[in-house]
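K.L.:
Here it is, the structure in full.
The values are calculated or read from the model by the stated rules, or taken from the named source; none is laboratory data. Everything numeric in this text was worked out from a predicted model, so none of it was measured. For neighbour counting, all protein chains shown are included, and Cβ atoms are generated from backbone atoms with ideal geometry for every residue, glycine included. These area figures cover heavy atoms from the full protein model, side chains too; ligands, DNA and RNA do not enter into them. Shrake-Rupley method; radii C 1.70, N 1.55, O 1.52, S 1.80 Å.
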Amino acid sequence: MTGRRTEGRGGRLTARPRPLGPPGQMPGERGLRHLEFGGRRDGLLYVPDTELTHPLPLVVMLHGAGGNAQHGLAPLLPHADAHGLLLLAPESRSSTWDVIHGDYGPDVAFIEQALALVFERYPVDPARIVLEGFSDGASYALSLGVGNGDLFTHLLAFSPGFLVPAGQVGAPRIFISHGEGDRVLPIDRCSRVIVPRLRQAGYDVTYLEFAGPHMVPENIVEAALGWLEENPGE
């Protein structure tokens, strides 16, 4: 199922949401904030402006090559309040995600640190933990998500390029979209190869193609949000 080999055995995440107790109020702060881990590249967290008293869905959002946390948040940020989504957008340690350079490493460690922070501070629904990405971020979301299906219940991949899981754990539901006119990551070499491999491996994959280039159209975002609501986790 893999598109290339990696030398290491990394890629596993151990952070987990805290056990669910009686319903309680969300922490008071709302809106967009930096993770403040220090360093040139950090990340952003968005806490929806809601009065929800139950655990929230968490979407971990991965930017494309050369991007940053703001780029990562862009597809879902306008919808976060209406859907009650807690959004986490870590930034890759270099220009793109580590496995694209050959192996899992510092980006996995940073995502682990960011997840631990969110799980400590906020009530997260363990049945709705989503890993999402665009372009290189989509490739990384699929690869890391397939290897951590005991944490991530859903994977959203907008225009992925390849799939390099360190292993297969769990069975997350998967949503993939790709533009027929994509010249950055051509659909014939990318999603039209990735999707059959995932299905052959037994994954439940929803796949949408659209007439357009390397982008995430609003109608695809709406379809992905609808899919999330119609396919709750186990």
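K.L.:
Which residues, taken from the range 52-79, are in contact with a Pro (Cβ under 7 Å, 6 or more places away or on another chain), surrounded by fewer than 20 Cβ atoms within 10 Å (Cβ to Cβ) and either on the phi > 0 side of the Ramachandran plot or not hydroxyl-bearing (S, T, Y) (or both)?
P.N.:
H54 - this is the single residue of the range 52-79 that is in contact with a Pro (Cβ under 7 Å, 6 or more places away or on another chain), surrounded by fewer than 20 Cβ atoms within 10 Å (Cβ to Cβ) and either on the phi > 0 side of the Ramachandran plot or not hydroxyl-bearing (S, T, Y) (or both).
K.L.:
Being open to solvent by 50 Å² or more (accessible area, probe 1.4 Å) and farther than 27 Å from P217 by Cα is the requirement here; does H83 meet it? Break it down stepwise before answering.
P.N.:
Values: open to solvent by 50 Å² or more (accessible area, probe 1.4 Å): yes; farther than 27 Å from P217 by Cα: no.
It is false that H83 is open to solvent by 50 Å² or more (accessible area, probe 1.4 Å) and farther than 27 Å from P217 by Cα.
K.L.:
Ok, one more. Anything in the range 86-109 that is open to solvent by 20 Å² or more (accessible area, probe 1.4 Å) and in contact with a strand residue (DSSP E or B) (Cβ under 9 Å, 6 or more places away or on another chain)? List them, or say none.
P.N.:
Listed by number, the list holds a single entry, E91.
K.L.:
Another question about this same structure. Does L44 satisfy being surrounded by 16 or more Cβ atoms within 10 Å (Cβ to Cβ) and modelled with pLDDT of 95 or more? It would help to see each step written out before you state the result.
P.N.:
Working: surrounded by 16 or more Cβ atoms within 10 Å (Cβ to Cβ): yes; modelled with pLDDT of 95 or more: yes.
Yes: the conditions hold for L44.
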